[in-house]
Amino acid sequence: MYPWEAIVNMIKAEGVEFVFGIGDSHLQLYAEKVPGIKPIDVRYEGSAPFMAMACSRLSGKPCVCSASTGPGVANLVPGVLEARSACSPLVMICPAVSQSTEGKGEFQECDQLGMMKPITKWSARVPHTERIPWFVHRAFSIAMNGQPGPVFVAIPYDVGGDITHGLEMEVPLQEYVPAKKLRVAGDPQLINEAAALILEAERAVAVAGNGTVLSGASQEFREFVELTEIPFLTTPGGRGILSEDHPLALGLPGLYRTEMGKRVYSNATLVITIGTRNESFQTHRWKDFPEGAKLIQIDISPFEIGRNWTPDTAIIGDARIVLRQLIDVIEATGSKGRSLEEMPHVKELVQAKKDFEAAVEAECMVESTPIPAKRIVHELSKVFGQDTILVNENGSQDTWSYCFPYYKLQDRSECVPVAEQTCMGMGVVGAIAAKLTRPEKKVVCVAGDGAFQMYMKELPTAAQYHAGCTWVVLNNSAFGWPKHLQMESVGWNTTSFKVQPDFIKWAEACSCYGRRIEQPSEIRPALEEALKANRDGIPAVLDFPTGIDMSHFKRAA
């Protein structure tokens, strides 16, 4: 068979279901010939890595995207940068110009490896056809093991052939062995030290990061916090590890924290971070660590240990395995967990959360126009409810969706966040991939109008593949963060949009449902109509004119 057809069969063996890219990508073309692999043709190559990120987050497996040579590969760069920041296991397999003509000014010739090496875990070019299986296996192994991340493999035309001149390749595909996920346990001595600190702590708090989700550690994390009676926060990447209805859940730290989480975290005597780099947004630029508290840091990567705060005990290992080790050691001491209902401080926490949620309800449910973004987000949480995938953007107003309990991630719900690079538009296209990956779930992306405009070109893609997701567009006719910062610093701004497209006409032109909502009484009916359209496989765009409200971020500081 042709090499590209063989490659598609190899990635199928790796458990890949989708290939994201555009039609002139060789991988897309030959994916059409292989049952069980569905090529998703996007309108813009730059959407492909973002969609693969969302697919990987929800499937728990490396996902694949591709692009054509030269500018096609260059268009992948922002998404790959975001994937590296998110530790997202992406595999990119792209064509490259022939080695025999390299340097002569071949059509679309450029240094693709030079572009990709700084922002990937591994980038390589296959030198000979017979080595393709080795490189594909290596790509998947590197992408998923250790600290996950994106990898890039270039297949020159004289190795893989091009669309018009294929090369024959004898590949015994039944002998291709898929890469395996390898998990690393923590040092038993350090596990014992951490368990002792936990048992001695007067007021401990846990912070679950992206690594807990990538590890699939939901069950272990639940057992751990319930056994130790430790309240917890999650970074945006850790969100979804447990429902935020859980009695011990306190929302997010740092920029996104709210009153409950701020109070408990600030008074902690022990902080346990699991699978998080403790980056800038999650820590208010590293200012939030409780005075005098001790730190246990658990991470898969030695590089991350002590990167920002020096831990009293550090454990290198897979989050799921290390949590299981801690549970076993703590249970062996006779510290069996009681039911949550029996714990006095948990009862106090539950009551405090109820009081706080009532206060947030009163704060949000005001009858004013333009409608405050926090009210839109709060009603969205109630209407979409359980079994919902929230796909985040990171503008000024959509950040309310990060803030518990303005938006509450409920039972059987998941979150697809942007990473610390916060590339605008990742959530807009990520919502499409989320629906394709988990069609049984409701999917909603909360986006500002700035981010939405960057990638609303993919609405036809959503309609073409019947990806019934909803975009809630918080429309303040500006890039909200820059406008706020400019107004605060100099009193004028350069980011307000003097010409704004009609998002509803655009949605309708792309075979999507669209509605503009200007009165508070219209919020719930519009959300319910969007859900109805989604159930029929129709994507929906809800345009909410709103202002810029930064009050949360002042309270969170």
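Each reported figure results from applying straightforward, stated rules to the coordinates on display, with no laboratory input. Given the structure is predicted, the values throughout are model-derived calculations rather than measurements. Ideal geometry is used to build each Cβ from the backbone, glycine not excepted, and the neighbour counts take in all protein chains shown.
Here the residues R183, R257, ranked from fewest to most Cβ neighbours within 10 Å of their Cβ, fall in the order R183, R257. Beta bridges from DSSP with both residues in region 365-556: antiparallel share about 5 percent, rounded to the nearest 5.
Placing R0 at 56 angstrom, the Cβ-Cβ distance between N493 and K33 gives a FRET efficiency of 0.60 after rounding to 0.05. Under the criterion of Cα pairs below 8 Å and six or more residues apart, the relative contact order for region 188-350 equals 28 percent.
Taking a ≥ b ≥ c as the square roots of the eigenvalues of the alpha carbon gyration tensor, region 187-293 is rounded, as a/c is under 1.5.
For the chain, taking a cut-off of 4.7 Å between Cβ atoms, the unpaired cysteines are C65, C87, C94, C110, C364, C403, C415, C423, C445, C469, C510, C512.
Listed by chain and number, the lysines whose alpha-carbon sits under 22 Å from that of K498, ignoring those within fewer than 8 places in the same chain, are K457, K483. In terms of overall dimensions, the C-alpha atoms belonging to the chain reach 72, 60, 46 Å along their principal axes, ordered largest to smallest.
Averaging Cα coordinates gives a centre for region 1-70 and one for region 221-294; these two points are 36 Å apart. In terms of Cα to Cα distance under 18 Å, which lysines are near enough to K181, apart from those fewer than 8 places away along the same chain? Excluding near neighbours in sequence, the set is K12, K61, K121.
Candidates V418, Y455, S489 compared by Cα position along the dipole of region 365-556: farthest toward the positive end lies V418, with charges placed on Cβ. Helices that extend 24 Å or more along their long axis by alpha-carbon positions and average at least -0.5 on the Kyte-Doolittle scale are, among the DSSP H runs of the chain, 344-364.
Estimated from helices alone, the mean residue ellipticity of the chain at 222 nm is -11000 deg cm²/dmol (sum of -39500 (n - 2.57) over DSSP H runs with n ≥ 4, per residue).
Going from the residue with the fewest nearby Cβ atoms within 10 Å to the one with the most, L197, L409 rank L197, L409. In summary, the lysines within cross-link reach of K408, defined as a Cα separation below 19 angstrom excluding same-chain residues under 8 places away, comprise K262, K353, K354, K374, K382, K441, K442. If I take every Cα pair under 8 Å that is 6 or more residues apart in region 345-409, average their sequence separation and divide by the length, what percent do I get for the relative contact order? Rounded, it is 33 percent for region 345-409. Specify the inter-centroid distance of region 500-557 and region 110-135, based on alpha-carbon positions, in whole Å. Rounded to whole Å, the Cα centres lie 42 Å apart. Once both labels are positioned 7 Å from their Cα atoms along Cα-to-Cβ, the gap between D187 and Q351 label points is 4.4 nm. Which residues make up the longest stretch of the chain that has no GluC sites (Glu not before Pro) in a DSSP loop with at most 10 other Cβ atoms within 10 Å? Counting at most 10 other Cβ atoms within 10 Å as exposed, the longest clean stretch of the chain is 1-167. Computing Rg and the Kirkwood Rh from the Cα coordinates of region 3-175 gives a ratio, Rg/Rh, of 0.93.
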